[in-house]
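Remarks on the structure that follows.
Rule-based calculations on the coordinates, nothing more; no lab input. Quantities reported herein were computed from a predicted structural model and do not represent experimental measurements. Cβ atoms come from the backbone with ideal geometry, glycine included; neighbour counts cover every protein chain shown.
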Amino acid sequence: AVTKSQESETDLEILIQSLPKEKYWLRHGLDLHQIQGFWIPSFAIRGIIKFRNQFLARDTDVILASFPKSGTTWLKALTYSIVNRSYDSSDNPLTRFSPHDLVHNFENFIFKSENYPDLESLPNPRIFATHSPYQLLPESIKNSKCKVVYVCRNLLDQFVSRWHFKDSVKSETPQFPISEAFEMFYQGIDGYGPSWAHLLGYWNAGMENPQKVLFLKYEDLKENPNFYVKKLAEFVGFPFSEEEEREGVVERIVKFCSFENLKNLEVNKNGKRQIGPLKNSAYFRKGKVGDWANCLTPSMVERGMKLMEDKFSGSGLSF
Ligand code: A3P
């Protein structure tokens, strides 16, 4: 007899087979599947559909959303520290686990893992993460009072960060040259892309409903971390008291979650992710604004700048 879940697995496979497909430059053998205008990597497509169809949000949930390599690790560490008020080195779970193993991703982890704990049994507030475009989020997230925080980054820095990140998974097969990878990024045929449509989805949602979506930029966080950490804390419903501010709690959280501090923790230097092949160190490279200047050709830079100008023109968003 065919069970209901086997039946829906078959439906899912039929749906995925029917989607337009392209190659993903990140690794040979990876595909992208186009759904509602976005290209989802083969390792995330099943999870993203299950997440959309099955996840039931609670009003107290906090959802951290991002385009890959835009500051996800940082945002996870900051939000975890704010909600749990963990900033002392001695008794801080962030000294023992990667931020990614404290705040789990829906499509690459929760809806992929056979033995993920029952979501219902998790205590409030639950903090989750996703790379899903806003347009593909489950209705329950859009319709409940849960909070969505999005972090984005200059598209060129984000591309360069991903270009380096691909080397963290050892591959026997030849790699795409950067010129081809850049071209696919530029065409929008890219993991979770087009990247500009990903940013604009959350940007517009935040403009329409600022109580629902907090839109952050990596560059702003770098420039003024204290200000944005206070803003983030208020937004997720864990504001700092005057006394905490006087005691320097904001500064301590900022310092604990800084690139230099997190990168040099033993767990992030030599630890490994709980599932999958990645080392925790893969998430910490340079942590700088403007590293595109060291990696891209002048023509790529010119085209990329123009791309951002064109795509974001009139939106109020700029880099
Ligand atoms: P670079 O490759 O430019 O160094 P994500 O967390 O979304 O995967 O993005 C990873 C990028 O954020 C990497 O950028 C990484 O070095 C940087 N990063 C990680 N932790 C950070 C932190 N605490 N502060 C600032 N940048 C951080």
Shape call for the stretch 11-167 from the C-alpha gyration tensor, a ≥ b ≥ c root eigenvalues: rounded (a/c under 1.5), prolate (a/b greater than b/c) or oblate? oblate
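Sum -39500 (n - 2.57) across every DSSP H segment of at least 4 residues in the chain, then divide by the residue count to get the 222 nm mean residue ellipticity, nearest 500. Kindly include the intermediate steps, with their values, before the conclusion.
On the way: 15 runs with 140 residues, N = 319.
After summing the helix terms and dividing by the residues of the chain, the value is -12500 deg cm²/dmol.
Which order do the peptides 157-165, 87-95, 261-269 take when ranked by the mean count of other beta-carbon atoms within 10 Å per residue, highest first?
Working: 157-165: 20.9, 87-95: 13.8, 261-269: 16.3.
Highest mean packing first, the order is 157-165, 261-269, 87-95.
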Starting with the highest mean, order 40-49, 276-285 by the number of other Cβ atoms within 10 Å, averaged over the residues of each peptide. 40-49, 276-285
Lys and Arg at +1, Asp and Glu at -1: neighbours of residue 189 with Cβ under 13 Å from its Cβ sum to -3
Normalised contact order of the chain, rounded percent, pairs of Cα under 8 Å and 6 or more residues apart: 23
For the stretch 293-298, take each phi angle, set θ = phi - 60°, evaluate the Karplus expression 6.51 cos²θ - 1.76 cosθ + 1.60, and give the result in whole Hz per residue in order, putting x for glycine and proline. 4, 8, 10, 9, 6, x
On the formula 1/(1 + (r/R0)^6), with r taken between the Cβ atoms of residue 309 and residue 197 and R0 of 22 Å, the FRET efficiency rounded to 0.05 is 0.90
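FRET efficiency for residue 28 and residue 92, Cβ-Cβ distance as r, R0 = 51 Å, nearest 0.05? If you can, show how the numbers build up before the last one.
Details: r = 39 Å, r/R0 = 0.77.
Between residue 28 and residue 92 the formula returns 0.85.
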Please compute the modelled spin-label separation between residue 242 and residue 209, points set 7 Å along Cα→Cβ, answer in nm with one decimal. 3.4
Classify the stretch 165-285 from the C-alpha gyration tensor, please: rounded if a/c falls under 1.5, else prolate or oblate depending on whether a/b exceeds b/c. oblate
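If the chain between residue 278 and residue 120 were fully stretched, how many nm would it gain, using 0.36 nm times the residue separation less the Cα-Cα distance? Could you put the intermediate results ahead of the total?
Values: separation 158, 0.36 × 158 = 56.88 nm, distance 2.81 nm.
Contour length minus Cα-Cα distance gives 54.1 nm.
By the gyration tensor of its Cα atoms, with a ≥ b ≥ c the square roots of the eigenvalues, what is the shape of the chain: rounded for a/c under 1.5, prolate for a/b over b/c, or oblate? Present the calculation step by step, with values, prior to reporting the outcome.
Numbers: a/c = 1.40, a/b = 1.13, b/c = 1.23.
The shape class here is rounded.
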In whole Å, what is the distance between the alpha-carbon centres of the stretch 127-143 and the stretch 249-308? 24
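Starting from the Cα-Cα distance between residue 220 and residue 261, subtract it from 0.36 nm times their residue separation and give me the gain in nm to one decimal. The partial results should precede the final answer.
Working: separation 41, 0.36 × 41 = 14.76 nm, distance 1.92 nm.
Answer, rounded to one decimal: 12.8 nm.
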